[in-house]
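The values are calculated or read from the model by the stated rules, or taken from the named source; none is laboratory data. Keep in mind the model is a prediction, meaning the values are calculated, not measured. Please note: Cβ atoms are built from the backbone with ideal geometry, for glycine as well, and neighbour counts cover all protein chains shown. Ligands, DNA and RNA are stripped out before the accessible areas are found, and what is left, the full protein with its side chains, is counted by its heavy atoms. Shrake-Rupley method; radii C 1.70, N 1.55, O 1.52, S 1.80 Å.
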Amino acid sequence: MPGSHTKSAILNAAQNVFMMKGYDGARMQEIADKAGINKAMLHYYYHTKYELFKEVFYHIMDLFLPVILKTVEEKISMRDKINIIVDSYMNFFSEYTFIPAFIMREMTQKPDWFTQYLKSHGVNPPEIFHNLKEKSTSTMDTVDMEHLIVNILSLCIFPVAATPVLKEMLFDNRETEWERFIKERKQVIKEVLFNAYNL
């Protein structure tokens, strides 16, 4: 009888294939081959590619989104919230370097993935913007929260998503220089946001 080891092998294989080829490019046969099982066994666990992708996607979101949602809800200053959010994003993206490109690619093709995930966890997406501001101890009357959110995401995601191009263009593919740059990015991003919003 198939067990948890088989399911774990399937999810690991699926994550690798989806990261490399996206949802549309992935094939169930390739996932089965990488998991070391036949296609019939794969379909025993997941009847469709959609079901398998959904589980992989939700697992990735579960790795970092709870920290962000918790920070949004806390009664602390907006400066402290930005500190935590930027550190969380950059640390996570630096460890899981494939995720920014994965998110950008899949979100443009299937924008409802993310909203479906939030709703499945009892989160109403517009409330995130509202609570980030309303549950802050700072006075934020003049801050456009939608632009603030997009600025945070853009500044954090792009450098990691564009790693191959930027590493070659800026540092001639020198790994130590790139690692130094990414470490410095956290503080640079914070200063850009603090200065832009007078925090």
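Checking the cross-link filter: which aspartates and glutamates have an alpha carbon closer than 19 Å to that of Lys54, excluding same-chain neighbours under 8 positions apart? Filter leaves Asp24, Glu30, Asp62, Glu106, Asp112. Identify, among Gly122, Phe181, Val160, the residue whose Cα sits farthest towards the positive end of the charge dipole of the chain, taking +1 on the Cβ of Lys and Arg and -1 on the Cβ of Asp and Glu, with the dipole about the Cα centre. Working it through, the farthest residue towards the positive pole turns out to be Gly122. Tell me whether the range 89-199 comes out rounded, prolate or oblate; compute the Cα gyration tensor, take square roots of the eigenvalues as a ≥ b ≥ c, and use a/c under 1.5 as the rounded threshold. Judged from the Cα gyration tensor, the range 89-199 comes out oblate (a/c at least 1.5, b/c at or above a/b).
For the chain, build the charge dipole from Cβ charges (+1 Lys, Arg; -1 Asp, Glu) around the Cα centre, then report which of Ala35, Gly22, Tyr89 sits farthest towards its positive end. Value: Ala35. Bridgeable lysines around Lys49 (alpha carbons under 20 Å apart, same-chain partners fewer than 8 residues away excluded): Lys7, Lys21, Lys34, Lys39, Lys110.
Charge dipole of the range 1-129 (Cα centre as origin; +1 on each Lys and Arg Cβ, -1 on each Asp and Glu Cβ, all else neutral): 240 debye, rounded to the nearest 20. Protein heavy-atom surface of the chain, 1.4 angstrom probe: 55% of the accessible area is carbon and sulfur, with nucleic acids and ligands not counted. Taking the 0 to 90 degree range and rounding to the nearest ten, how far is the long axis of helix 175-196 tilted relative to the main principal axis of the chain, both from C-alpha atoms? Result, in degrees: 50.
Among the trypsin sites (Lys or Arg not before Pro) within the range 1-63, those in coil by DSSP and having at most 16 neighbouring Cβ atoms inside 10 Å are Arg27. Under 5 Å between amide hydrogens, built in the peptide plane, is the criterion, and for Ser136 it picks out nothing among residues at least 5 positions away or on other chains. Length gained on full extension, His47 to Asp172: 40.5 nm, using 0.36 nm per residue less the C-alpha separation. The alpha-carbon atoms of the range 15-78, seen along their principal axes, cover 53, 22, 18 angstrom, with the largest extent given first. Net charge dipole, the range 140-199: roughly 200 debye, given to the nearest 20, about the Cα centre with Cβ charges of +1 for Lys and Arg and -1 for Asp and Glu.
Rolling a 1.4 Å probe across the protein heavy atoms gives the chain an accessible surface of 55 Å² per residue. Within the range 79-170, none of the GluC sites (Glu not before Pro) combine a DSSP coil assignment with at most 12 other C-beta atoms in a 10 angstrom radius.
For the chain, the alpha carbon convex hull comes to 138 Å³ per residue, rounded to a whole number.
Entry note, the chain: relative contact order of 21 percent, from Cα contacts under 8 Å with a spacing of 6+ residues. With every protein chain in place and a 1.4 angstrom probe, the accessible-area ranking of Tyr197, Tyr46, largest first, reads Tyr197, Tyr46.
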